[in-house]
Amino acid sequence: MKTVLEVLEERIGAAMAAVVGANECAAIVRPTADARFGDYQANGVMAMAKQLKTNPRKLAEQVVERLDVADLCEPPEIAGPGFINLRLKPDYVTVQLLRINADDSERLGIEPTTKPRNTVVDFSSPNIAKEMHVGHLRSTIIGDAICRITEFLGHPVIRQNHIGDWGTQFGRVILGLWHMCMAEKHGEPLYYRTELDELRRVAGSNQDLRTLCTRIRDRHEDDWSKDREGEQRFAPFLEGLNDRDVEGLWEQFLCVYQYVNALEDALAGMGLTVRTINQGQEEAIPYESLSRRITVMLQRQDRQELDAWQFIRRLTLEHCGGIYRKLGVQLIDADVCGESFYNDKLPAIVGDLQASGLAVESDGATCVFPEGFKTKEGQPLPFIIRKSDGAYLYATTDLAALRYRVNELKADRIVYVTDARQIQHFQMLFKVAETAGWDRRDGEKVELAHVTFGSVLGEDGRPLKTRSGENIKLKDLLDEAVERAKSVVEEKNPDLPPERKAEIARAVGIGAVKYADYSNNRTSDYVFSFDKMLAMEGNTAPYMQYAYARIKSIERKAESKGVDIAKELHGIAALDLSEPTELDLGKHLARYAEAIESAVADYRPNYLTAYLYELAQKFSAFYTNCPVLDAPAAKRPTRLLLCDLTARTIRHGLSELLGITVVDQM
RNA sequence: GCGCCCGUAGCUCAGUUGGAUAGAGCAACGGAUUUCUAAUCCGUAGGUCGCAGGUUCGAGUCCUGCCGGGCGCGCCA
């Protein structure tokens, strides 16, 4: 089903083509900027007149003569330098509304595409062994919205959570688990907790820090040798982990991981050494390099390494899954396809690029020099795919992922949702892929899109952080939003049962955070403000949810007023849109498909929120002016239908496409 | 130094291949309530779209220069 806009575009384009004898013409139909000019305006005639060096108004007259839109619009008017203004007939609006109403598929009359494209969306992508923080918010929810909308339009969507589960943090993670094990062995108090505090406290004093680190090193060395000399503490500990309570372990692990990182940072340049075993030989190595050594050691003892790694990976995903569920984001474990997945595919990436002559050695590293990129000195800028020490980088992994998605996942389109700072990386990635011919399958070009977004800022205009300068945990942020929403519900509707209040608080709090993000232009930074996003006035989630709740309230009241909504709407065949607010609302309802189309075309959720907000405003105006249940019997079915379609549209847009929960009562 | 993004009302932001007199919300001011939830609606006021040129019938939008801010720039992701 074409949107009204598409129909007009087609008809006017055809009329223009007929007038000038061309094959096709762009009518450039847009919603009018001002209601006085009608509902739609065609701007294409003026551009064409310029091309033909003819009078635009005259050309417009000829086009209008050829134009037949009498089934949709009042007679077209020519205005200004050559605009064609179009005003929809109320009868046509009626036809559209009845058509939408007749669709019992919950799709509001919007048909799925006839040209489905396999769409891979790469989003969220947190790191293993770390808590999700506010920096992950935008990728996660913008990506989710893109998936939901694309899926709704009928395209198969493959979600890819490209988690950071491979790399240098490897050794530290395992060392963290090792400390957890030893702390349990030593009993309460868990030393890493108290020592982490100590490390922070004495950070300013080299002398105290040295004393502390030496003490830690001594115990560490002792545990280390006992463990290796037959007591066998760590291996059984690892084996036992899987049977234990996940929630508690995650908290412990986060702490011990911080401890390992803080300790390693403190050790830098201190000159402390630790005794360890290498190939059966005892040797002393710098204490701060122990985690790197462990990576190597454990890589030789496959089993233990993998167990530890798998366990932390599972713990992290458990945590992320909790955040996704809280956020209403449709990402599950099956969508996880992280860096480790591509590990064994990396040598081939480098090899193939070398074989084709694209990759060359430069200062010991293996690089591709894509066309059009320069360093600050004006030299060709390398896309490094292998470091001089032989390690691979995210450039390599991204190439491997791209190739996998094209060839194995059969992507027709790959969408990457990351912050704008990575723009150059993706430009280079796409260029390299294109040059290597990896962005094609069966000769068909795969569309590569980098969807960027700006930063979330604090009230001070700096990237949002805690007072002490740390990243704000997503969990804390969401909990606070729900907490604040709860106190609003408490204030506005104290008589609701507690579980009802909690449900509303969750919907409003989480919805507010998401909606605030969606309603901003994704390319700009935005200032995070609980007060603004939870306000009941303005373009906010609570305002939208309230509009919905009011409609549901009418439905609840109907019976007590002796109105049978189902009966009045059954087989409804005519509407009376004589009140201005009715017609205005009706026209807007008929344009939902256009809003979705514009939002998806450039991956901009704010076009959708803008539509929904206007819808809620128009509904509120209608609601204020037009009684529904108390309306004269002749007017009532129309108004009931307007209410029902508004509720369905808000629910669909908010809940299905943006993943924001609606509630029947607020 | 080079590259990318941004600069729109007091504040936060929209502005869809260049279209009509640049729009919302918040804050301010004035009105509307025997309520289908006022968590609302209606109205008033508020802008040389950073500055200066240029292209065009028409520029917030495109081009050039400048000013101001953010981000990125060979072995992190």
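The values are calculated or read from the model by the stated rules, or taken from the named source; none is laboratory data. Everything numeric here is computed off the predicted structure, so don't read it as measured data. Positions of Cβ are generated from backbone atoms using ideal geometry, with glycine treated the same way; all protein chains shown enter the neighbour counts. Just so you know, the surface numbers come from the protein's heavy atoms only, side chains and all, with ligands and any DNA or RNA stripped out. Shrake-Rupley method; radii C 1.70, N 1.55, O 1.52, S 1.80 Å.
Computed values, structure above
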{"item": "Odd one out for A:LEU608 among (1) within 12 Å of RNA strand B (Cβ to nearest atom); (2) closer than 22 Å to A:THR94 by Cα; (3) of a type outside the set (Val, Ile, Thr)", "result": "(2)"}
{"item": "Set A:GLU371, A:GLU444, A:GLU434: member being free of Cβ contacts under 8 Å to residues at least 24 places away in the same chain and open to solvent by 70 Å² or more (accessible area, probe 1.4 Å)", "result": "A:GLU434"}
{"item": "Number of positions in segment A:239-289 that are within 23 Å of A:GLN304 (Cβ to Cβ), β-branched (Val, Ile, Thr), in contact with a strand residue (DSSP E or B) (Cβ under 9 Å, 6 or more places away or on another chain) and open to solvent by 30 Å² or more (accessible area, probe 1.4 Å)", "result": "1"}
{"item": "Test result for A:LEU381, within 34 Å of the chain's Cα centre (by Cα) and within 27 Å of A:ALA129 (Cβ to Cβ)", "result": "no"}
{"item": "Residue under evaluation A:ASN55, criteria (1) under 43 Å from the mean Cα position of the chain (by Cα); (2) within 11 Å of RNA strand B (Cβ to nearest atom); (3) surrounded by fewer than 19 Cβ atoms within 10 Å (Cβ to Cβ), criterion not met", "result": "(1)"}
{"item": "Residue count, segment A:600-642 (criterion: over 33 Å from the mean Cα position of the chain (by Cα) and either open to solvent by 40 Å² or more (accessible area, probe 1.4 Å) or β-branched (Val, Ile, Thr) (or both))", "result": "11"}
{"item": "Qualifying positions in segment A:611-666 - of a type in the set (Asp, Glu) and within 11 Å of RNA strand B (Cβ to nearest atom)", "result": "A:GLU614, A:ASP630, A:ASP664"}
{"item": "Test: residue in segment A:119-139 that is aromatic (Phe, Trp, Tyr), modelled with pLDDT under 95 and within 16 Å of RNA strand B (Cβ to nearest atom)", "result": "no"}
{"item": "So A:ILE572, is it more than 35 Å from the chain's Cα centre (by Cα), among the β-branched types (Val, Ile, Thr) and within 30 Å of A:CYS73 (Cα to Cα)", "result": "yes"}
{"item": "Residues of segment A:488-511 satisfying the condition of being within 11 Å of RNA strand B (Cβ to nearest atom), open to solvent by 60 Å² or more (accessible area, probe 1.4 Å) and either of a type in the set (Phe, Trp, Tyr) or outside any loop (DSSP other than H, G, I, E, B) (or both)", "result": "A:GLU490, A:GLU491, A:LYS492"}
{"item": "Any chance A:ALA411 is in contact with a helix residue (DSSP H, G or I) (Cβ under 8 Å, 6 or more places away or on another chain), in a loop (DSSP other than H, G, I, E, B) and modelled with pLDDT of 95 or more", "result": "yes"}
{"item": "Lone qualifier among A:ILE312, A:ILE349, A:ILE385 - being open to solvent by less than 30 Å² (accessible area, probe 1.4 Å) and within 13 Å of RNA strand B (Cβ to nearest atom)", "result": "A:ILE385"}
{"item": "Segment A:546-575 - residue that is at negative phi, in a loop (DSSP other than H, G, I, E, B) and open to solvent by 60 Å² or more (accessible area, probe 1.4 Å) and, of those, nearest to RNA strand B (Cβ to nearest atom)", "result": "A:ASP564"}
{"item": "A:ALA395 near RNA strand B (Cβ under 9 Å from one of its atoms), modelled with pLDDT of 95 or more, within 21 Å of A:PHE341 (Cβ to Cβ) and not acidic (Asp, Glu)", "result": "yes"}
{"item": "Cβ-Cβ under 9 Å pairs, at least 6 apart or on other chains, segment A:102-119 side over 30 Å from A:VAL406 (Cβ atoms) and in contact (Cβ under 8 Å) with a residue 12 or more places away in the chain, far side outside any loop (DSSP other than H, G, I, E, B) and open to solvent by 60 Å² or more (accessible area, probe 1.4 Å)", "result": "A:GLU106/A:ARG648; A:GLU106/A:GLU656; A:LEU108/A:ARG648; A:GLY109/A:ARG99; A:GLY109/A:ALA102"}
{"item": "Filter result (near RNA strand B (Cβ under 10 Å from one of its atoms) and over 24 Å from A:VAL120 (Cβ atoms)) within segment A:445-459", "result": "A:SER455, A:VAL456, A:LEU457, A:GLU459"}
{"item": "Qualifying residue in segment A:157-164 (condition: open to solvent by less than 30 Å² (accessible area, probe 1.4 Å), modelled with pLDDT under 95 and in contact with an Asp or Glu (Cβ under 9 Å, 6 or more places away or on another chain))", "result": "yes"}
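For (1) modelled with pLDDT under 90; (2) within 16 Å of RNA strand B (Cβ to nearest atom), each residue gets a yes or a no:
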site: A:SER291; (1), (2): yes, yes
site: A:MET297; (1), (2): yes, no
site: A:HIS319; (1), (2): no, no
site: A:TYR324; (1), (2): no, no
site: A:CYS337; (1), (2): no, yes
site: A:ASN343; (1), (2): no, yes
site: A:LYS374; (1), (2): yes, yes
